[in-house]
Amino acid sequence: MDISSILQGGYAHPLSRKWQAKQQLTKSMFMYPIFITDDADASVEIPTLPGQRRWGVNKLEEFIGPLVKKGLESVILFGVPLSCVKDGRGTPADDESGPVILAIKKLRSLYPSLYIAVDVCLCEYTDHGHCGLLHSDGTINTEPSVQRIAEVAVNYAKAGAHCVAPSDMMDGRIKAIKRGLIDSGFGNKVTLMSYSAKFASSLYGPFRDAAGSAPSFGDRKCYQLPPAARGLAKRAIIRDANEGADIIMVKPSLPYLDIISDAATLTPDHPIACYQVSGEFAMIHAGARAGVYDLKTMAFESAESMVRAGAGLILSYFTPDFLEWL
């Protein structure tokens, strides 16, 4: 056999197998998505998301404290308003007495070193469940949508968020948010993480159960990206980088590893994030329950594939597990 044919000696030992990766998984790579509801004492199981709950502000310490001790470094907050009055412009999104702003302040007080990102969208707070403001015919009204999204992002920054992460997919919202942050004195203090390539995926079902954010009519295919649209995703990534995004995100992850790779190539000087979404998490659990594979082994395989593709930050419901496993 030719010398050049022999590769297995290079990964014969468990340690040398680790060296074959360009980047190893670390605890700091994982950001934990947390659902915050307006019932301050809530701890409500989400049936379609194994092991995940909606949390009230008063329960955050007993929930987050042990994770911080295990090495949790970052979270991203999603508001789940159940008792507020919703309207066409998502007025409750930045209510100072609402769950998100209260949670930001609570976590900043309890854990000064914990990095707090906040999802910025209107779908949980509008009476129609869409991610922006609408024309009378039910289509997206882009300009006021962008203005409202930027307003909410700035108010989260004022409340103490380290990072604002718009997931709405409105055209031009990154530039508007960046300008809003700069004008409010947060341009050099708050990170702007853009859901740049967010696809209209079938994998969001458990999240929508958790957040109560399904649209009351139609779908989101006119603003989220078509699953086959690789070129459009590239254009969106370049646009958001040029408009001032500090981090580029791809969502979902596993079906879109090529897009993660594209993002790393197109914006090599930006951190690349990916969201291992609720449906991906639920599928891995379902497969493990069915005996298809071992849960931990598959969780590692999926996360390592994202890092291999170019991601350095993974938003994942597996975060508490990886704090144990790593």
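The values are calculated or read from the model by the stated rules, or taken from the named source; none is laboratory data. As the structure is a computational prediction, the values presented were derived from the model and not from experiment. Glycine also receives a Cβ, built like all others from the backbone with ideal geometry; neighbour counts cover every protein chain displayed. Ligands, DNA and RNA are excluded from the accessible area calculation, which covers all protein heavy atoms including side chains. Shrake-Rupley method; radii C 1.70, N 1.55, O 1.52, S 1.80 Å.
Please specify each residue of segment 1-59 satisfying the condition of being of a type in the set (Gly, Ala, Ser) and either in contact with a helix residue (DSSP H, G or I) (Cβ under 9 Å, 6 or more places away or on another chain) or under 21 Å from Lys296 (Cβ atoms) (or both).
So in segment 1-59, the residues of a type in the set (Gly, Ala, Ser) come out as 4-5, 9-10, 12, 16, 21, 28, 40, 42-43, 51, 56.
Gly9, Gly10, Ser16, Ala21, Ser28, Ala40, Ala42, Ser43, Gly51, Gly56, listed by residue number.
Scanning segment 13-28 finds no residues that are part of a helix (DSSP H, G or I), under 30 Å from Asp137 (Cα atoms) and among the hydroxyl-bearing types (Ser, Thr, Tyr). Among the criteria (1) among the hydrophobic types (A, V, I, L, M, F, W, C); (2) over 30 Å from Ile284 (Cα atoms); (3) at pLDDT 95 or above, the one Ile76 does not fulfil is (2).
Applying the criterion of being more than 14 Å from Ile36 (Cα to Cα) and touching a helix residue (DSSP H, G or I) at 6+ places or on another chain (Cβ under 8 Å) to the residues of segment 76-91, the residue that is most open to solvent (accessible area, probe 1.4 Å) is Val85. Looking at segment 127-162 only, could you name the residues that are without any contact (Cβ under 8 Å) to a residue 40 or more places away in the chain and touching a strand residue (DSSP E or B) at 6+ places or on another chain (Cβ under 7 Å)? Once the filter is applied, which keeps residues that are without any contact (Cβ under 8 Å) to a residue 40 or more places away in the chain and touching a strand residue (DSSP E or B) at 6+ places or on another chain (Cβ under 7 Å), segment 127-162 yields Asn141, Ile149, Ala153, Ala157.
Residues in segment 1-50 that are modelled with pLDDT under 90 and aromatic (Phe, Trp, Tyr) were compared, and the one that is surrounded by the fewest Cβ atoms within 10 Å (Cβ to Cβ) is Trp19.
Filter segment 163-200 for residues that are out of contact with any helix residue (DSSP H, G or I) (no Cβ under 7 Å at 6 or more places or on another chain), open to solvent by less than 40 Å² (accessible area, probe 1.4 Å) and part of a loop (DSSP other than H, G, I, E, B); which is modelled with the lowest pLDDT?
Keep residues of segment 163-200 that are out of contact with any helix residue (DSSP H, G or I) (no Cβ under 7 Å at 6 or more places or on another chain), which gives 163, 165, 167, 169, 179, 182-183, 185, 188-189, 191, 193, 195, 198, 200.
Filter once more, so that each one left must be open to solvent by less than 40 Å² (accessible area, probe 1.4 Å): 163, 165, 167, 169, 185, 191, 193, 195, 198, 200.
Add one more test, that the residue is part of a loop (DSSP other than H, G, I, E, B), and what stays is 167, 169, 185, 200.
Working: Ser167: 86, Met169: 80, Gly185: 93, Ala200: 92.
The selected residue is Met169.
Filtered by the rule that a residue be within 14 Å of Gly160 (Cα to Cα), buried (at least 19 other Cβ atoms within 10 Å of the Cβ) and among the charged types (D, E, K, R), segment 108-124 gives a lone residue, Asp119. Is there a residue being open to solvent by 50 Å² or more (accessible area, probe 1.4 Å), outside any loop (DSSP other than H, G, I, E, B), among the charged types (D, E, K, R) and at negative phi anywhere in segment 92-107? The answer is yes; a qualifying residue exists.
This table checks each residue for (1) surrounded by 14 or more Cβ atoms within 10 Å (Cβ to Cβ); (2) in contact with a helix residue (DSSP H, G or I) (Cβ under 8 Å, 6 or more places away or on another chain).
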| site | (1), (2) |
| --- | --- |
| Asn242 | no, no |
| Ile248 | yes, yes |
| Pro255 | yes, yes |
| Pro268 | no, no |
| Val277 | yes, yes |
| Ala288 | yes, yes |
| Tyr293 | no, yes |
| Leu313 | yes, yes |
| Phe318 | yes, yes |
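Among the residues of segment 131-145, is any open to solvent by less than 30 Å² (accessible area, probe 1.4 Å), assigned to a loop (DSSP other than H, G, I, E, B) and acidic (Asp, Glu)? Looking for residues that are open to solvent by less than 30 Å² (accessible area, probe 1.4 Å), assigned to a loop (DSSP other than H, G, I, E, B) and acidic (Asp, Glu), one finds none in segment 131-145, hence no.
Listed here are the residues, each with its yes/no results for (1) over 20 Å from Phe281 (Cβ atoms); (2) hydroxyl-bearing (Ser, Thr, Tyr).
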{"site": "Thr48", "(1), (2)": "no, yes"}
{"site": "Asp95", "(1), (2)": "yes, no"}
{"site": "Gly98", "(1), (2)": "yes, no"}
{"site": "Pro112", "(1), (2)": "yes, no"}
{"site": "Ala117", "(1), (2)": "no, no"}
{"site": "Asp137", "(1), (2)": "yes, no"}
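Has segment 52-64 got any residue that is open to solvent by less than 20 Å² (accessible area, probe 1.4 Å) and either more than 24 Å from Ile101 (Cα to Cα) or part of a loop (DSSP other than H, G, I, E, B) (or both)? The answer is yes; a qualifying residue exists. For Ser83, the stated conditions hold: it is of a type in the set (Gly, Ala, Ser) and over 20 Å from the mean Cα position of the chain (by Cα).
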